[in-house]
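Take a look at the structure below.
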Amino acid sequence: MKKTTKYIALSLATYMTLSPLAVKAETNENLDIIPISAPITDKEVQIKDYINYEGKIVEIKNDGDKLSMLIKAEDDEYGLILHINEDVILLNQKTKDFTDKDKLKEGMTITAYYAKHTPMLLSLPGQLTPGVIVVKESEEPSFIKVSGFNEDLVSGENDLKLNISEDTVIVNKDGEKVEKEDIKDKDLIVFYTASTKSIPAQTTPEKIIVIKETLKEENVEITEITALDKIIIDGKEVKLTNLIYTNDEGIKMIPLRQIAEALGYEVKWNNKARSAELTKGAQYTSIVIGEDNYNFAKMLIKLGTAPEFKDSTSYVPISFLEEVLKLGVEITKEGIINIGL
């Protein structure tokens, strides 16, 4: 098998703690977290790659490294609480450039964009961590599109196609130049002023910011891994006593307890129920051997592969790290797993 490298992008949906902003007391009990992409009717509904919410900043709470703010749209009684961490991309619509969280002030109008799978805390108001925030400071006609774009540079909603010119500025989320050949199959922030009335509409963007790669499983070859007994977590090497193996379906299975404990989780095994619970501060997830139901923050996640029990050890598919624990994972050509916290 040809060896290539698979990069699993850090999910924009990171685990959120309760906001320092006040929420109604009667809503704080038995709060549920659901995936925003959950179906709400029995009809097929296409959900945008990124959902946007525009409103004015009503209140800001800054507790050291933790910044939270309440924003409200004109027709929304409760608004939305946004948790801002270092992964959130902050932009100014007028300058089309990056801005700093210290420049966010009460009274500003902003638009928050969050990926459709972002967990939302169902308090009043709701709470989440967005992927992108754009500060609106100009009434000049301009448009912003945040979406995944395919290899033909057509958005995930099939409503916008990009035609790149020599004047189009293309950078990544760190402000570094990106070549136009490297923006295909990526999540992009697109600034533009005009588009055609075709389907999809076409535009020549003024500026593009690359958020992350949109992984297409059918176009990605998994690195061939043999007996792998080493992982690197946040730059530190961890030697595995239970080796990673490939199950009958060709899925790489990783030892749950040793990796979870190396990540800072406490693991409790229930032998009668053949289940395991992982806790780390307010974060919680659970698995049951033989059941493709992974519980994370009261969300039910299916990975297509159930946990397995082998040699007195619980194993989960390697996708558990990215899809359930929301971690960034890289498999090197040497078969080493790099996990970024």
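So here's what we get for this one:
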quantity: Residue within the stretch 316-339 that is part of a strand (DSSP E or B), modelled with pLDDT of 90 or more and touching a helix residue (DSSP H, G or I) at 6+ places or on another chain (Cβ under 7 Å) present; calculated: yes
quantity: Subset of the stretch 294-333 that is over 20 Å from the mean Cα position of the chain (by Cα) and surrounded by fewer than 15 Cβ atoms within 10 Å (Cβ to Cβ) - its residue that is farthest from Ile251 (Cα to Cα); calculated: Ser312
quantity: Strands (runs of 3 or more DSSP E) completely within the stretch 79-119 that count 1 or more residues being basic (Lys, Arg) and closer than 21 Å to Glu206 by Cα; calculated: none
quantity: Meets criteria (farther than 17 Å from Gly55 by Cβ and free of Cβ contacts under 8 Å to residues at least 24 places away in the same chain) for Lys180; calculated: yes
quantity: Residue within the stretch 272-286 that is closer than 15 Å to Pro255 by Cβ, in the same structural domain as Ile233 (by TED's automatic domain parsing) and surrounded by 14 or more Cβ atoms within 10 Å (Cβ to Cβ) present; calculated: yes
quantity: Residue within the stretch 112-125 that is modelled with pLDDT of 90 or more, hydroxyl-bearing (Ser, Thr, Tyr), closer than 24 Å to Ser155 by Cβ and crowded, with 19+ Cβ neighbours inside 10 Å present; calculated: yes
quantity: Sole exception among (1) closer than 30 Å to Tyr192 by Cβ; (2) at pLDDT below 55; (3) not in a loop (DSSP other than H, G, I, E, B) for Tyr53, by number; calculated: (2)
quantity: Residues located in the stretch 230-254, provided they are under 25 Å from Gly304 (Cα atoms), of a type outside the set (Asp, Glu) and part of a loop (DSSP other than H, G, I, E, B); calculated: Asn247, Gly250, Ile251
quantity: Members of the stretch 150-169 that are aliphatic (A, V, I, L, M), closer than 14 Å to Val210 by Cβ and buried (at least 18 other Cβ atoms within 10 Å of the Cβ); calculated: Leu153, Leu162
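Condition check ((1) outside the structural domain of Ile199 (by TED's automatic domain parsing); (2) over 13 Å from Tyr53 (Cα atoms); (3) charged (D, E, K, R)) across all residues:
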{"position": "Ile71", "(1), (2), (3)": "yes, no, no"}
{"position": "Gly79", "(1), (2), (3)": "yes, no, no"}
{"position": "Lys116", "(1), (2), (3)": "yes, no, yes"}
{"position": "Lys136", "(1), (2), (3)": "yes, no, yes"}
{"position": "Ile164", "(1), (2), (3)": "no, yes, no"}
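The values are calculated or read from the model by the stated rules, or taken from the named source; none is laboratory data. From a predicted model like this one, the values you see are computed outputs, not experimental measurements. Every residue, glycine among them, receives a Cβ derived from its backbone with ideal geometry; neighbour counts consider all protein chains shown.
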